[in-house]
1. With respect to Ala356, determine if the residue is aliphatic (A, V, I, L, M) and more than 19 Å from the chain's Cα centre (by Cα).
2. Kindly provide the set of residues from the stretch 281-303 that are closer than 16 Å to Leu255 by Cβ, at pLDDT 95 or above and among the hydroxyl-bearing types (Ser, Thr, Tyr), ordered by number.
3. Examine the stretch 246-262 for a residue that is in a strand (DSSP E or B) and surrounded by fewer than 17 Cβ atoms within 10 Å (Cβ to Cβ), and state whether such a residue exists.
4. Restricting attention to the stretch 215-226, and to residues there that are in a helix (DSSP H, G or I) and touching a helix residue (DSSP H, G or I) at 6+ places or on another chain (Cβ under 8 Å), which single residue is nearest to Asn361 (Cα to Cα)?
5. Going through Lys159, Lys229 one at a time, which residue ends up being on the phi < 0 side of the Ramachandran plot, among the charged types (D, E, K, R) and either free of Cβ contacts under 8 Å to residues at least 40 places away in the same chain or assigned to a helix (DSSP H, G or I) (or both)?
6. Identify, by number, the condition in (1) touching a helix residue (DSSP H, G or I) at 6+ places or on another chain (Cβ under 6 Å); (2) more than 24 Å from Val245 (Cβ to Cβ); (3) buried (at least 16 other Cβ atoms within 10 Å of the Cβ) that Glu384 doesn't meet.
7. Given the conditions (1) modelled with pLDDT of 55 or more; (2) assigned to a loop (DSSP other than H, G, I, E, B); (3) over 19 Å from Pro146 (Cβ atoms), which single one is not true for Tyr69?
8. Go through the stretch 1-24 and report how many residues are outside any helix (DSSP H, G or I) and small (Gly, Ala, Ser).
Amino acid sequence: MKQVLFITYYWPPSGKASLYWPLAIVKHLPQFGWQPVVLTVKEDSFTQTDASFTKDLAPNLKVIKSKTYEPFKIYKRFTGKKTDDQLIASETISTSNRSLTHRISIWLRMNLFIPDARIGWYWPAVAAGSKIINGENIAAIVTIGPPHTAHLVGKKLSKKFNVPHVPVFIDPWVDIVYYRNFNRNRVTLKIDNHLEKSVMENAKSVVFVTNTMRNDYLNKYGFFADKSKVLYWGYNEDDFKRITVDKEDRGNKVLVHAGNIFSYQNPRNFWKEIKKKKESGETINIKFIGTVDPDIKRTISKEGLDDVTDYLGFLPYYEMLKEICEADFLLVCATEPRHVPGKLFEYIRTGSPVIAFGDDNDEVKKLLKESNSGMMFKYDESGEEFFKNYDKLVPNPNYITQFDRKKISEELSKILNTI
């Protein structure tokens, strides 16, 4: 069996949603002739822990964890936070926080840490990866980004040892969506674009998790058209088999949003629609799982929905999965046309009606339409039509099974077999 070095920043016991895809792929790849060796970080600054993920790790899986040097401890001191305070992603890049220390920290992060704030992992990861390749018969390298520092590690090891590299892009690199509200100077952008292009040029194949992102990159770098592939984020069928769903009559309907939600994902008129329903006697309880931007909390408060809104914060994965399986409605908010939220596939698999918001996001709209699982609206729309038609949304089970990560793992193995 061939060995593949899998470089991913997020790994159990981290509870970060970014590890769902690599964790499942690593689990299933041996069935298709590839044995992963995982290189990850010892500890990161943001992540809540989720011990349940460790149960999915094969006993014989080799996992090497290297140290890192991150700026977030300095960020905590600089912004007056305590050493043991939990950092929240939506707050560290918030545009509503206008304090001088926050604005300075944002400028430093956007302009000095290239390609991202995880660049302190680069040299320790290269050193650890070199030891792995010297001691194992590694036939390919797969890297998961963001953080896109992982792709730089993969490129360095690929060139050093002449091992083919396959970067997997969960999000774009230079123009990732949360950069759009911040200024990055010309020198920073020039360096970042150079690094991005160098990874593309070196890669034997490039994987994207959305078609729109792939097309966007092809418009920028047409030279890799014949070596690019889309493997959707997907879901784990095995995980759903572990969940016992109890949809007893609760009186009020329940709407769930799972995952972090930022200020630019605020469907303001939707909250007004929920308020109208409440005033007419049709109350919908709202549950947020994950971090919620303060601006969204203020909007919900302004609409008088505090008494029907629960902020559950981080939940272990299987608790989150149970919540979305038991929900009456599921809310998903896309950030931009290239973004297909990972939770969308789990949402569709639950069979519950999905209401989506996103401007000009044809890919999400297409997935919802083809699966007959939901409706999509622009951010300035209220979603009123959804509540008139949700009972007609009956998902096609044969459609969603193509996104089982076991099948996606098989597709990745085919890519690895050809490089």
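1. Numbers: aliphatic (A, V, I, L, M): yes; more than 19 Å from the chain's Cα centre (by Cα): no.
Against the criterion (aliphatic (A, V, I, L, M) and more than 19 Å from the chain's Cα centre (by Cα)), Ala356 does not qualify.
2. Result: Thr299, single match.
3. Kept after step one, since they are in a strand (DSSP E or B), are these residues of the stretch 246-262: 253-258, 261.
Retained after the next criterion (residues that are surrounded by fewer than 17 Cβ atoms within 10 Å (Cβ to Cβ)): 253.
Among the residues of the stretch 246-262, at least one is in a strand (DSSP E or B) and surrounded by fewer than 17 Cβ atoms within 10 Å (Cβ to Cβ), which makes the answer yes.
4. Step one: list which residues in the stretch 215-226 are in a helix (DSSP H, G or I), which gives 215-220, 222-226.
If we keep only those that are touching a helix residue (DSSP H, G or I) at 6+ places or on another chain (Cβ under 8 Å) too, we end up with 217-218, 223-225.
Values: Tyr217: 16, Leu218: 18, Phe223: 26, Phe224: 24, Ala225: 22 Å.
Only one residue fits best here, namely Tyr217.
5. Lys159
6. (3)
7. Result: Tyr69 fails condition (3) only.
8. So the first thing to find is which residues in the stretch 1-24 are outside any helix (DSSP H, G or I), and the list is 1-16.
With small (Gly, Ala, Ser) added as a condition, the list becomes 14-15.
Residues meeting the conditions: 2.
The values are calculated or read from the model by the stated rules, or taken from the named source; none is laboratory data. Here the structure is a predicted model, which is why all the values come from computation and not from measurement. Backbone-built Cβ (ideal geometry, glycine too); neighbour counts: all protein chains shown.
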